[in-house]
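Written out below as structure tokens is the structure these notes cover.
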Amino acid sequence: MVSGDTAKGGAETDLAKDRVAAQDPQAASGSTALPDAPGYPVAEVVATAPPGVPVKLISHQQEKHGNVYLLTGDVRIEYKDYILTADKVSYDRDTSDVEADGHVQLQGGRNNELIIADHGKLNLDLETGRFENVTGSVGRQPSASKRKLVYTTSNPFLFTGRVVIKEGPERYQIIHGTMTSCLLPDPDWQIHAAHIRVNYGEARANNSYFTLLGVPILYLPYVSHPVDVESRQSGLLLPVIGTSSTKGTIVGESIYLVINRSMDATFGTQYFSKRGWSPSGEFRYRGRGEDFVSAHFTALFDRGLAPDDLNQGGQDILFSGRRDFDLDEHTRAVATGEYLSSYVYREAFAESFALAVASQVTSSAFVTHNDGGRSASIRFDRYQNFEGITLVGNTYYTPQIRILHVPSLDFDTIGQPLKETPLRWRVDSSAAGLNRSEPGYSTGTIGRFDLYPHLEMPLHLDGWTFRPEVAARETFYTESQIPSATTPLPVNASVNRSDLEASFELRPPALVRDFKTPSLERILGSDLRHTIEPDVQYRYVKGVNNFSSIPRFDSSDIVSDTDEVEYSLTQRLFFKHLHPKPCSNDALPPPLNGVINLPPTYGECGGGSSEWITWKLAAKYFFDPYFGGAAVPFRRNVLTSTLDLTGVAFLNGPRNTSPLISRLKVRTSEHMDLEWDADYDFKTHRMDASNVFTNYRRDSVFASVGYSTLQALNGSFTSDLASQVTKYNLLRLLLGYGDPTKRGLSAGVNAGYDFVQNALQYGGIQSSYNWDCCGLSVEYRRLALGSVRNENQYSFNFTLAGVGAAGNLKHSERIF
């Protein structure tokens, strides 16, 4: 049987181990008079055990002596999922023994094993062999280029050896060799040993030593290294070492435990020389689909910081999880929770500034069923808000508010059509057990039953949208409260709140104008489209005549009478790109009717339009300035009507007008964007809130600036308007170059300054340098949080690819 292409200048033989030759002796004897000249392709079927496994031989020249094939010149043997290449190979078809010389390379297997050697002997059936002067790896992706190694994992296992004995699939002995996760031939780090044993996903060695950048650093009486790119191994992690002005010298160690293929855990502790022991732990579970469980805890057994010996210890436990039910795809259980024993502990030892000043702790667990626009759920909620820290003697006092939902049963729907009419209905309802406690005020568990049906009729005509709606609400509380000049008094008397509501939304068609001029095309390279989108919403609520008697737990309890209109105007400016360009290989052309039909190299990119500027102005006018008596003079009032407009409280008595709300977003370029949110109060002639954010990123350069001012009502009950306002004036800055995985130098700096206190709240500078597979990061941070924390911390982190990281610079503390 003869086949092939003589232009290849080679010989090709297929040895299908299916005993076909035993059935056709003439074919096996070569009686077809094949020529001996090299360059003529040959295919022959022979018999050898085990049956049914093909062996493919390719070479420039081959000779056959009985059952032995002598192959020379770019030899390639393909067997099972292995490929063997060499300059010269001897292959015995009966025993499957192979001896290879010159540029020997064996690759394949479950983990993409690669062995490069000068000489080798192996048995194809048994997958055993012996190789000399070896360089090899596990986790290598075969590449068309002989010069380029592409790894299927970021931490491949690479080794060298004077002799490598392959004992079977995924089992080796390496004699006088090294192992590393760095690219050869010049790795950043290596482990040297006289004998390394690789056995099913793990490499082990005794009496080895560790070198870094060619310098011996550490003697290791015993060491193990993961080989299987998909497996994890239990063991000790690299130690934590650092220093801090409030913690002292920091030394720590952790152990990592692989429980099974779906679960693992990490437990450890750190010792602060000035404070005491700080244990921590983490548990992770990943199930089928979206199922998961994650838990994390930290603690400090504080012996007190000299000279006052103030105890700032505590515990912080976080939990989150999700479970989708197998029998019902519409039902799931979700939980996220946190237990914080002391806010002082968080502020004194939190890893970042944002976490240190987070005074709210929330927990929620619910089971919900969603199907056909209807939702039924049962949930448990816990809300905790710490209201500052006061030092009394040697004890910290942290007043707090706690609100519990134990539990809440909710049934909600989205708009459903009412038979054959244009009307749509929906119902929101709930039954909840509620509890609230704070200094000077505490309730037992109060029952609340809420029924809230709606009926609406959306109308559309020539681009106009008109949506009138009517609703009724009935809410029953098993207990109530009596208002007072300071804190209300809870009473054991039920209260019922009823109201009727009417509203409508009027949305005219957007006004659109295109600007097309040669000057715009010359300056911007595009045309402009300007749109104006007006919106008017009217809302009327009547019947809440007992607002002051309603206990406060959540937004359902701040409904009041109102007669108001909200009006807003949104302007948008779009670029219409006029000069699309051919797509690069990593870009896609714009979709045509929602479908991309052409390959990237044949499409055009850079066309279409993009939003450049969005600016929304909104305000409310209140026809009833007293909100049915809910607006109490000379104190902060938070009602549904005000909370719907802005999160900044502005109602400190009767008023007709709200502040003007401005929301501006500008996408200045593909590298930079700007946002400015502002609330201006025309009644007080004051900017209640102003927040400016800008971000820039181009290649490895990044920067962001945030400037915020806030004049917030503080809840005090006084006729002095100035004393009702608490002022904030903060600047946030971030500037850097690079990222944690960038090779070479990266650096970044961040800072936060309080202009009211004229103090630096936090600041830090971080620099890192990454080599091929190891990196060093150093950071200085300062946190100044009043009397609780005034800390200077020096951190570092040294990372070895495939091994771990030593130091105390955690990911959550990094500037970039």
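Any read-out appearing in this document is the output of simple, stated calculations on the displayed coordinates, not a laboratory observation. Quick caveat, the model's predicted, so the values are computed rather than measured. Neighbour counts run over all protein chains shown; Cβ positions are idealised from the backbone, glycine included.
With 10 Å bins from zero, work out the P(r) of region 248-348 over every alpha carbon pair and list the percent per bin.
14, 34, 27, 16, 7, 2, 0
Hey, with R₀ at 22 Å, roughly what FRET efficiency would Lys683 and Thr570 work out to, going by the Cβ-Cβ distance, to 0.05?
On the way: r = 24 Å, r/R0 = 1.10.
With a Förster radius of 22 Å, E is 0.35.
Using a cut-off of 12 Å between beta-carbons, work out the net charge of the residues near Phe650 (Lys and Arg +1, Asp and Glu -1, Phe650 not included). Intermediate values should be presented prior to the final figure.
Details: positive: Lys620, Arg636, Arg655, Lys683, Arg686; negative: Asp679, Asp681, Asp688.
My count for the surroundings of Phe650 gives +2.
At 0.36 nm per residue, and after removing the present C-alpha to C-alpha distance, how many nm does the segment from Leu674 to Asn729 gain when stretched out fully? Kindly include the intermediate steps, with their values, before the conclusion.
Values: separation 55, 0.36 × 55 = 19.80 nm, distance 1.92 nm.
Here the answer is 17.9 nm.
Between beta-carbons, use under 12 Å as the cut-off and find the net charge around Ala100, counting Lys and Arg +1, Asp and Glu -1.
Values: positive: Arg76, Lys88, Lys121, Arg130; negative: Asp87, Asp97, Glu99, Asp101, Asp118, Glu132.
That works out to -2.
Going by average Cβ density within 10 Å per residue, which order do the peptides 334-345, 526-537 take, highest to lowest?
Details: 334-345: 18.2, 526-537: 15.9.
Most protected by this proxy first, the peptides run 334-345, 526-537.
Can you tell me the FRET efficiency between Asn123 and Ser700 if r is taken as the Cβ-Cβ distance and R0 is 35 Å, rounded to the nearest 0.05? It would help to have the intermediate numbers written out before the result.
Working: r = 51 Å, r/R0 = 1.46.
Once rounded, the FRET efficiency stands at 0.10.
How far apart, in nanometres, would the label points at Ile165 and Glu387 be if each is projected 7 angstrom from Cα along the Cα-to-Cβ direction?
7.7 nm
Counting Lys +1, Arg +1, Asp -1, Glu -1, what net charge surrounds Glu132 among other residues with beta carbon under 15 Å of its beta carbon? Provide the component values of the computation, followed by the final result.
Numbers: positive: Lys88, Lys121, Arg130, Arg162, Lys166; negative: Asp87, Glu99, Asp101, Asp118.
Neighbourhood net charge equals +1.
If I take R0 = 60 Å and measure r between the Cβ atoms of Val756 and Phe411 in this structure, what FRET efficiency does the formula 1/(1 + (r/R0)^6) give, to the nearest 0.05?
Details: r = 47 Å, r/R0 = 0.78.
Efficiency for this residue pair is about 0.80.
If the chain between Phe292 and Thr657 were fully stretched, how many nm would it gain, using 0.36 nm times the residue separation less the Cα-Cα distance?
Working: separation 365, 0.36 × 365 = 131.40 nm, distance 4.86 nm.
In short, 126.5 nm is gained.
Based on the alpha-carbon gyration tensor of region 406-454 and its eigenvalue square roots a ≥ b ≥ c, which shape applies: rounded if a/c is under 1.5, prolate if not and a/b is larger than b/c, or oblate? Intermediate values should be presented prior to the final figure.
Details: a/c = 5.21, a/b = 3.90, b/c = 1.33.
The shape class here is prolate.
What is the extension gain from Asp309 to Asp74, computed as 0.36 nm multiplied by their sequence separation minus the C-alpha to C-alpha distance, in nm to one decimal?
Values: separation 235, 0.36 × 235 = 84.60 nm, distance 7.70 nm.
Using 0.36 nm per residue and subtracting the Cα-Cα distance, I get 76.9 nm.
Running Debye on region 166-269 with equal point scatterers at the Cα sites and no solvent, what base-10 log of I(q)/I(0) appears at q = 0.15, 0.23 Å⁻¹?
One equal scatterer on each Cα of region 166-269 leads to -0.80, -1.27.
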